[in-house]
1. Using just the Cα positions, wrap the range 91-167 in a convex hull and report its mean projected area in square nanometres, one decimal place.
2. Would you work out the charge dipole size for the range 10-55 about its Cα centre, treating the Cβ of every Lys and Arg as +1 and the Cβ of every Asp and Glu as -1, and quote it to the nearest 20 debye?
3. How large is ³J(HN,Hα) for each residue in the range 137-154, as worked out from phi by the Karplus curve 6.51 cos²θ - 1.76 cosθ + 1.60 (θ = phi - 60°), to whole Hz, x for Gly and Pro?
4. So what are the ³J(HN,Hα) numbers for the range 21-38, from phi and the Karplus equation (6.51, -1.76, 1.60; θ = phi - 60°), rounded to whole Hz, Gly and Pro as x?
5. Which values of log₁₀ I(q)/I(0), to two decimal places, follow from the Debye formula for the range 1-62 at q = 0.14, 0.16, 0.28 Å⁻¹ with a uniform point scatterer at every Cα?
6. Quick one: which residues, 5 or more positions from Ile39 or on another chain, have an amide H under 5 Å from its amide H? H modelled 1.01 Å from N in the peptide plane, none for Pro or chain starts.
7. Please list 3J(HN,Hα) in residue order for the range 45-53, calculated via the Karplus relation 6.51 cos²θ - 1.76 cosθ + 1.60 where θ = phi - 60°; whole Hz, with x for glycine and proline.
8. Starting from the amide H of Gln56, placed 1.01 Å from N in the peptide plane, find each other amide H under 5 Å away whose residue is 5 or more places distant or on another chain.
Amino acid sequence: MPYIQHLKNCPLFKGLTEDEIAVYRPATKQVSYKEGDVIMTEGQTGETLFILIKGQVTISKKLTLLGDEEADTKDKTFITLSDEYRPFFGEMAMLMEDSIRTATVSASSDCEIVIMSKTAFQEACAKHPAIGVQVMENIAQKLATNLERESKNVLKLTTAFSLILEE
């Protein structure tokens, strides 16, 4: 379990002991990505959650104009994540059937990432329901925080658009 100690600080496992986190060890594997590698691609289906344990990644979305997704190749980087807080991403794949990736994640440096498949995640949660509930609460907390942030962003954009239309 060489990387389990790295997961203690991951928000996905907040509130769990090292032994409780180890329950997910059979569901995970560590993968290396080189700088510039694409880890997941917006629009593709996903069945995997990722935990960044070393390096940096960038999260970007396509800037699609007028519904012409094929002609639009511009991406907007929204955030860069570093390993400092052991961030996780791709969590919607753990909760939804045929989950579509909502962003592209690329390695902006050489990275070490722990990946967890949906099936293995569900099996670990089923075998250890109390631990699974805590992990699901942590995922729900992240999703709620993201939703709250995005709701504020939509309100700001709507307000700005309304002001522009009034002029």
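Bear in mind these aren't lab numbers, they're just calculated from the coordinates by the rules spelled out. Keep in mind that what you see is a predicted model, and the values were worked out from it rather than measured. Please note: Cβ atoms are built from the backbone with ideal geometry, for glycine as well, and neighbour counts cover all protein chains shown.
1. Working: hull surface 31.3 nm².
Projected over every direction and averaged, the Cα hull of the range 91-167 covers 7.8 nm².
2. 100
3. With the stated coefficients, the range 137-154 comes to 5, 5, 5, 4, 4, 5, 5, 5, 4, 4, 5, 4, 4, 5, 4, 5, 5, 5 Hz.
4. 3J(HN,Hα) across the range 21-38, in whole Hz: 4, 4, 4, 8, 3, x, 8, 10, 8, 9, 10, 9, 10, 8, 3, x, 5, 8.
5. Those come out to -0.50, -0.64, -1.32, one per q.
6. Val105, Ser106, Ala107
7. In residue order, the calculated couplings are 6, x, 9, 9, 9, 10, 10, 7, 10 Hz.
8. Ser108, Ser109
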